[in-house]
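Derivation of every value follows stated rules applied to the coordinates shown; laboratory data play no part. Keep in mind it's a predicted model, so treat the numbers as computed, not measured. Note that we place each Cβ from the backbone using ideal geometry, even for glycine, and neighbour counts take in every protein chain shown.
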Amino acid sequence: MLRVRVLGDLAAWRDDVALDLGPGRQRAVFAVLAMRANQVVSREALIDAVWGDAAPAGADGSLYSYISRLKLVLGRSSQTLTSTRSGYTLGLDPQALDVHEFDALREAAQLAWNRRDTTAARAALDTALALWQGDDALGGVDSPFATLHRQRLAELRLAAREQRAEVMTAAADPQAVPDLRDLVRQHPLRESLAGLLMTALHRLGRDTEAIDVFDSTRRRLVETLGMEPGAALRRIHDDIAATTRARTGAPNKPKAFVGRKRELEVLRRRLAEVRQGHGGCVWIEGPHGIGKSALLAEAFADTEIPVIWADRRTINEVESAGPAVIVADDLNDASEQELLAWHRLSKIAHGEPLLVVGACRPLPRRTEVDRLRAGVGPGGGDVLRLTGLTSEEAAQLAGNRTDQSLVDLAAGNPQFLAELVDPATSTEEVVLRRTSLLSSRTQALLRAAAILADQFDLADAATAMGVPVTDLVGAVEEAAEAGFLTEVGHLFKFHHPAARQALTQNR
C-alpha cells in the first residue's frame with residue numbers, strides 16, 4: 001500500500017519502505033499528482049503547476065522523464081501511476097494521504113464542537129495536528145503549486161490550532177492560556193486569537209490581563225495597519241470591562257431606543273407580576289446586534305426590583321432570592337453545566353417571585369439550547385424573537401439624516417446601522433466586520449456567492465466551494481438571518497449590492 005505525507009517534508013512509503021522521489025522537479029511533479037490523487041492531471045496542468053510562467057522550451061521532455069522515473073520508483077507493475085492521452089493519474093487510497101485524514105479529523109472536530117462535545121472535539125483536533133511532521137507542508141518542494149498549497153495548508157493548520165484553543169477555553173482548561181499566548185506571539189495581528197486569549201483569561205478571573213491583551217493588540221493594529229480593532233474584539237473587551245462576577249442594578253438605558261413596543265410590554269408585565277409575588281421566565285433571541293441587550297436595559301433600567309446580570313461564568317453561583325430578576329446573556333456559548341443551572345432557575349421561578357431571562361442567538365443551532373427554548377413557552381413563559389427594525393424605525397434611530405441606502409443595507413439591525421452611519425468607518429469596513437461575526441462556513445458561502453450571478457442557486461455556490469449542497473443549509477440560513485442574503489423563489493441574492501461589492505473587492 002502506498003502512503004504519502006505532505007504535512008511536512010514530502011515523503012512516500014510502500015509497505016513501510018521509504019521511496020526515493022528523486023530531485024526537486026521530480027518531487028514537484030509527484031506532489032501535484034498526490035494532491036490530485038485519483039484524478040487525471042493533464043500535461044499542461046502539470047507543467048504549469050511545476051514551472052509556472054518560467055516553463056523552459058523542453059518542459060515536455062523533462063516531464064516525460066520525471067514520470068518515467070516515478071513509475072520505476074513506484075513499481076511499473078503496480079499500475080499506481082498510469083498514463084493516458086489526457087494526462088497522468090496517481091492511484092491512491094484517500095486514507096493513505098495525510099492531508100485527507102487531516103481534513104476528515106477537522107470535520108469531525110467541528111461536528112463535535114457543534115454539539116458542544118468538547119472532549120471529542122479536543123481529541124479529533126489533537127490527532128489532526130499530530131499529523132504535521134514539520135513547520136511547513138510540502139517541505140522540500142519548490143514550485144508555484146507547492147507555494148500555493150503550502151500557504152493554504154498553513155492557514156488550515158492555524159485554524160485548527162485556533163479551534164483547539166477555543167475548545168480548551170470552553171472546557172475551562174488552564175492550558176488554553178499559555179497555548180493562546182504562544183499563538184498570539186506568532187500572529188500578533190490576528191484579532192480572533194487575541195479575543196480567544198482575552199476570553200480564556202476572563203474565564204479564569206484574570207480580567208486585568210485580558211484588558212492588557214486588548215490594549216497591546218490595539219496598539220499593534222494601529223501602529224502596523226493604521227486601523228482600530230474590529231467589532232468582534234471590541235465587543236469582547238466591552239463585555240469583560242462591564243462584567244464583574246455578578247452585578248446588581250440594570251445598566252444605563254441606551255441613548256436612543258425605538259420600536260420593540262410589544263416586547264417592552266411583555267417584560268414590564270412580567271416585572272409587575274414579580275411585584276405581585278409571581279415569577280416567570282422569558283426567552284429572547286435574535287442575531288448579533290439586533291438589540292437584545294438594549295431591550296433588556298430599556299425594560300429594567302427604572303425598576304426598583306434587584307436585577308442580577310449574570311454572565312455565563314457566574315450563572316452557577318446565582319441563588320434565587322426573590323423578588324428579583326436574573327438575566328443570563330449569550331446562552332449560545334454556555335456549557336452544559338451552565339445551561340442546566342439556567343434550567344434549574346427557570347423551574348424555581350414557577351414558585352417564587354423570580355423573573356429568569358435568557359438571551360441567545362438562534363444560530364448556529366445547539367440541541368441543548370433548542371431544548372431549553374422549547375420548554376419556555378409550554379411552561380408558561382414568553383419567547384420573544386427580535387427581528388429587524390422597520391424602515392421607519394431604522395431611519396428614526398439614525399436621526400432621519402442618513403442616506404436611505406445605508407438604512408436598507410443594515411436590514412433593520414440597530415448595531416449594524418450604528419456602525420454604518422459612523423463617519424469614522426467605511427461601508428466596506430463595516431460589512432467585513434459584520435461578516436467576521438458569522439461562522440466560517442457562512443463567510444465562505446458569502447465570498448463564493450459574491451462572484452456568482454446576481455441571483456444564484458445554492459447548488460452553484462456548493463460547486464464553487466467544492467462542498468455538498470447539504471453542507472450549506474445552515475450557512476444560508478445564518479446568512480439570511482444576519483440580513484446578507486434574501487431568498488427569491490428557489491434562488492438567493494444579496495439583500496443589498498453594497499455587501500456583495502465589499503466582499504468581491506476583498507477576496
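Values for this structure:
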{"read-out": "Beta bridge orientation in the chain: antiparallel %, DSSP, nearest 5", "value": "45 percent"}
{"read-out": "Reachable lysines, given that their alpha-carbon falls under 30 Å from the alpha-carbon of residue 347 and they are not under 8 places away in the same chain", "value": "253, 261, 292"}
{"read-out": "Correct option for Cα Rg over 2.2 N^0.38 Å [calculated from the coordinates] among (i) 0.98; (ii) 1.05; (iii) 1.15", "value": "(iii)"}
{"read-out": "Label-point gap, in nm, between residue 207 and residue 187 - each point 7 angstrom along Cα→Cβ", "value": "2.9 nm"}
{"read-out": "Residue among 420, 473, 70 farthest towards the positive dipole end of the chain, charges placed on Cβ", "value": "70"}
{"read-out": "Gain upon complete extension [residue 39, residue 235; 0.36 nm per residue less C-alpha separation]", "value": "65.9 nm"}
{"read-out": "Efficiency of FRET between residue 418 and residue 123 - r from beta-carbon atoms, R0 60 angstrom, step 0.05", "value": "0.90"}
{"read-out": "C-alpha center-to-center spacing [the range 408-428, the range 1-75] in angstrom", "value": "51 Å"}
{"read-out": "The range 247-385: C-alpha gyration tensor shape, a/c 1.5 cut-off, then a/b vs b/c", "value": "rounded"}
{"read-out": "Along the chain, longest interval not containing exposed GluC sites (Glu not before Pro), exposed being DSSP loop plus at most 13 other Cβ atoms within 10 Å", "value": "1-303"}
{"read-out": "Cβ-placed point charges (K, R +1; D, E -1), dipole of the range 2-96 about Cα centre in debye, nearest 20", "value": "200 debye"}
{"read-out": "Spin-label model distance (nm) - residue 350 vs residue 393, 7 Å beyond Cα toward Cβ", "value": "3.2 nm"}
{"read-out": "Cα gyration tensor category, rounded, prolate or oblate, for the range 2-96 with a/c compared to 1.5", "value": "prolate"}
{"read-out": "Fewest-first ranking of 253, 292, 71, using other Cβ atoms within 10 Å as the exposure measure", "value": "253, 71, 292"}
{"read-out": "4 °C / 1.567 mPa s Stokes-Einstein diffusion coefficient of the range 92-145, Kirkwood radius on C-alpha pairs, µm²/s", "value": "105 µm²/s"}
{"read-out": "Modelled FRET efficiency - R0 51 Å, residue 110 with residue 17, Cβ distances, 0.05 increments", "value": "0.90"}
{"read-out": "Rel. contact order, % - alpha carbon contacts under 8 angstrom, at least six apart, the chain", "value": "10 percent"}
{"read-out": "Kyte-Doolittle at least 0.5, axis length at least 20 Å by Cα - qualifying DSSP helices, the chain", "value": "59-74"}
{"read-out": "Long-range HN-HN contacts of residue 133 with modeled amide H, under 5 Å", "value": "8"}
{"read-out": "Ascending count of other beta-carbon atoms within 10 Å, so fewest first, for 366, 268", "value": "268, 366"}
{"read-out": "Under 5 Å, built H, 5+ apart or other chain: amide partners of residue 485", "value": "480, 495"}
{"read-out": "Amide H within-cut-off set for residue 280, under 5 Å, with H built and near neighbours excluded", "value": "354, 355, 356"}
{"read-out": "222 nm mean residue ellipticity, helices alone, for the chain (DSSP H n ≥ 4; -39,500 (n - 2.57); rounded to 500)", "value": "-16000 deg cm²/dmol"}
{"read-out": "Three-way shape label, the range 98-242, alpha-carbon gyration tensor, a/c 1.5", "value": "oblate"}
